[in-house]
1. Using 21 Å as the Cα-Cα cut-off, could you pick out the over-long pairs in 6/105; 82/105; 105/166; 79/105; 41/90?
2. Once you place label points 7 Å from the Cα toward the Cβ at residue 226 and residue 144, how far apart are they in nm?
3. Which cross-chain or sequence-distant (5 or more) residues have an amide H under 5 Å from the amide H of residue 109, H modelled 1.01 Å from N in plane?
4. What 222 nm value per residue comes from the helices of the chain, counting each DSSP H run with n ≥ 4 as -39,500 (n - 2.57) and dividing by all residues, nearest 500 deg cm²/dmol?
5. Between 134, 72, 184, find the one with the highest GNM mean-square fluctuation for the chain; connect C-alpha pairs within less than 10 Å.
6. Mind jotting down the distance between the C-alpha centroids of the range 139-198 and the range 15-59, whole Å?
7. Please state the charge dipole magnitude for the chain, taken about the Cα centre, from unit charges on C-beta atoms (+1 on K and R, -1 on D and E), reported in debye and rounded to the nearest 20.
8. Quick query: amide H of residue 73 versus all other amide H atoms, modeled in the peptide plane; which residues come in under 5 Å with a sequence gap of 5 or more or a different chain?
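The values are calculated or read from the model by the stated rules, or taken from the named source; none is laboratory data. Just so it is clear, the structure is predicted and the values come from calculations on it, not from any experiment. Every residue, glycine among them, receives a Cβ derived from its backbone with ideal geometry; neighbour counts consider all protein chains shown. Keep in mind that these areas ignore ligands, DNA and RNA; they rest on the heavy atoms of the full protein, side chains included. Shrake-Rupley method; radii C 1.70, N 1.55, O 1.52, S 1.80 Å.
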Amino acid sequence: MERLDKFLCDSGVGTRSQVKLIIKAGRVTVDGVVQKDVGAKIDPLTQTVCLDAEQLTGAIRLVVMLNKPAGYITATEDKQDKTVMELLPKELQGRGLNPVGRLDKATEGLLLFTNDGELLHRLISPKKEVPKVYYARHEGTATDADVAAFAAGLTLADGTVCRGAKLQPLGPGESRITVCEGKYHQVRRMMASRHMPVTYLERQKEGNLSLGELPRGQIRLLTEEEIQALEEK
């Protein structure tokens, strides 16, 4: 059994407060009977719920791409800093979305959210080796020795072992880095270990997805085809 207001929220009708008003307005029926009790319990498997005579489906799997700006931490809530959750539009808040992995406060670029727990764990699991591509501006210039060191895998000063990664020099003070895991501040720490402190970092790709023309601070919903491609990784 499930609360009626939660079912409507999961169906994408609106926020909890919006759903409450909709139900009390008599716009929702359960098995053809108007139901104005926000907390009424329903069985989504056996009962038919309609809004304005249109049947609702309940929980909808969502995967959202954000082009994260700097200045936001990747957390669902925080008492001091702005979080990436604040960048989601109101109609997507309260839908059970969680960030997939983390980008630190200063890092910009591609960040996914999903309400599918299985997909989330799949994407962040090192065993799945989902590649993540970053563009970095940094001090110094990457050399062939740096490229080889990244490829062999690095052990950081605190003993953290990083798997082999791809370092592609783009010119003086610029590189593209591809990693298949998501350790704490990994790219910044790997670059610093090779005496190339990062001054700017942007994640451009994750798996088969890229930012494309998505403006900074904006979101878009992934298509079912894109979600299926992520699942196949």
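1. On the way: 6/105 32 Å; 82/105 9 Å; 105/166 24 Å; 79/105 15 Å; 41/90 25 Å.
Check vs 21 Å cut-off fails for 6/105; 105/166; 41/90.
2. Between residue 226 and residue 144, the simple spin-label model gives 4.0 nm.
3. 68, 203
4. Working: 6 runs with 49 residues, N = 233.
Taking each H run of at least 4 residues, the total per residue is -5500 deg cm²/dmol.
5. 184
6. A separation of 53 Å, based on Cα centres.
7. Values: 33 positive and 32 negative charges, 108 e Å.
Once rounded to the nearest 20, the dipole reads 520 debye.
8. Distant-sequence amide H within range of residue 73: 82, 83, 84.
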